[in-house]
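Below is one structure; the comments refer to it alone.
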Amino acid sequence: MPTKVTLQAMKTRWSAPAVTPIAFVHAMVAAYERRGMNPAGALAQAQIAPAALLNLASRISAWQMERISGAAMQELDDEALGAFSRRLPWGSYGMLARASLSAPSLGVALKRWCRHHALLADDIHLKLVSSGDSAAIVIEERAELSQLGQGAREFCLVHVLRNIHGLACWYIDSRIPLQGTRVPFAAPPHADAYALMFPGPLRFGAAQAEIRFDARYLNLPLRRDEKALQQMLQRALPLTVLQYRRDRLLVQQVRQALAAHPDKAHKADGVAALLNISARTLHRQLKEEGASLQGLKDEVRRERAQELLNRSDKPVKQVAAAAGFRNEKSFIRAFREWTGVSPGEFRRGVQA
């Protein structure tokens, strides 16, 4: 008789939406064929019917993708699932993850990962680039990749980008929102799935594949140890679909949004829209970080108001508007609560 845990697992398996394109399964099947092997066992483990393979519009669930990927990696002895011209034997990606585990920050860890990945696969070179407030993981392709066919090329680029993004989130135990994703091929028939795989701005037909994110994440320390790595490696594949609730930069991002767009900061919906999340998610994640939207609003407004009162001759009414207040009266009342004095008294005290 099935246990309660087993029944719950079965319920989760069958209730999960099927959003992964069947084209990615075709890429794995093609890897079997190139090596003269039969993928029937892996397909059966993932409960992917032959009819689904014939329908190009078919989708599979995350559970099915995990099952067929895990089976194919072991049967092919290739953790790249045929994405490269030479195999990455079982344990290759675990070795890469362990080599970066002692890094003092995410930026150092990702640089090590990119450098070490080049020792395993010649088809692509990974590079971490940073410019201003933005950082990117860029894939430089070599000629060998295109020789495997367009389907294998697409699967390779998507597989690598999602793997490194998932690992980066795992290293710092934080969601890393993507500022943008670019891929160097035309939009495929299953292009709608990309919005789920790479939330945020997306561009097809780019010069090269890349994911872009806030560069401040590179400075965050790693929060994992060898024990956590061993646990993760037992089920590493879900990292590519795991959406972390916590965002360790959210407080900074909210403060930045409030400072840059005071006109849109009156309501949670406006702030949430600037960060591409829902108002409910915004409130929940701030609570997890021990902060509140109202508290951050007050901090940003107070700092802006004090700066203007200290460094400019603007009338109080203009200072109130610049700090995001709808009228002078509400600004004066709030400023008294923050500082114990009126804006005019504060200015005279600074100037004295």
Tally time: how many residues in the stretch 282-298 are farther than 23 Å from D263 by Cβ and either part of a helix (DSSP H, G or I) or touching a residue at least 24 places away in the same chain (Cβ under 8 Å) (or both)?
-> 5
Helices (runs of 4 or more DSSP H) (entirely within the stretch 72-157) containing at least 3 residues that are of a type in the set (A, V, I, L, M, F, W, C) and in the same structural domain as C169 (by TED's automatic domain parsing) | 92-100, 106-120
Single residue of R347, R336 found to be in contact with a Leu (Cβ under 6 Å, 6 or more places away or on another chain), part of a helix (DSSP H, G or I) and of a type in the set (D, E, K, R) | R347
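Just wondering, is there one or more residues in the stretch 270-281 that are farther than 27 Å from L178 by Cβ, of a type outside the set (S, T, Y) and not in a helix (DSSP H, G or I)? Even if it seems obvious, please write down each step before you answer.
We begin by selecting, within the stretch 270-281, every residue farther than 27 Å from L178 by Cβ; these are none.
Within the stretch 270-281, none of the residues are farther than 27 Å from L178 by Cβ, of a type outside the set (S, T, Y) and not in a helix (DSSP H, G or I).
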Please indicate, with yes or no, whether at least one residue in the stretch 341-351 is β-branched (V, I, T), buried (at least 16 other Cβ atoms within 10 Å of the Cβ) and touching a residue at least 40 places away in the same chain (Cβ under 8 Å).
-> no
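It is to be established whether one or more residues within the stretch 123-142 are of a type in the set (S, T, N, Q) and under 17 Å from the mean Cα position of the chain (by Cα).
Of all residues in the stretch 123-142, those of a type in the set (S, T, N, Q) come to 130-131, 134.
From what is left, the residues that are under 17 Å from the mean Cα position of the chain (by Cα) are 130, 134.
Yes, the stretch 123-142 contains at least one residue that is of a type in the set (S, T, N, Q) and under 17 Å from the mean Cα position of the chain (by Cα).
Being crowded, with 16+ Cβ neighbours inside 10 Å, farther than 27 Å from L178 by Cβ and not aromatic (F, W, Y) is true for just one of Q294, Q306, Q256. Which residue is that? Don't jump to the end; show me each part of the working.
Values: Q294 fails: crowded, with 16+ Cβ neighbours inside 10 Å; Q256 fails: farther than 27 Å from L178 by Cβ.
Criteria check complete, one pass: Q306.
Going through S100, S105, S69 one at a time, which residue ends up being touching a residue at least 40 places away in the same chain (Cβ under 8 Å), among the hydroxyl-bearing types (S, T, Y) and surrounded by fewer than 19 Cβ atoms within 10 Å (Cβ to Cβ)?
Values: S100 fails: surrounded by fewer than 19 Cβ atoms within 10 Å (Cβ to Cβ); S69 fails: surrounded by fewer than 19 Cβ atoms within 10 Å (Cβ to Cβ).
Matching residue, one of S100, S105, S69: S105.
Looking for whichever is farther than 17 Å from H117 by Cβ, surrounded by fewer than 21 Cβ atoms within 10 Å (Cβ to Cβ) and of a type in the set (K, R) here; the options are R203, R182. Which one fits?
Answer to the selection: R203.
Do we have A168 as in the same structural domain as A209 (by TED's automatic domain parsing) and either polar (S, T, N, Q) or over 30 Å from L249 (Cα atoms) (or both) here?
Numbers: in the same structural domain as A209 (by TED's automatic domain parsing): yes; either polar (S, T, N, Q) or over 30 Å from L249 (Cα atoms) (or both): no.
So A168 does not fit the description; no.
The values are calculated or read from the model by the stated rules, or taken from the named source; none is laboratory data. Nothing here was measured: the structure is a model prediction, and the numbers come from that model. Cβ atoms come from the backbone with ideal geometry, glycine included; neighbour counts cover every protein chain shown.
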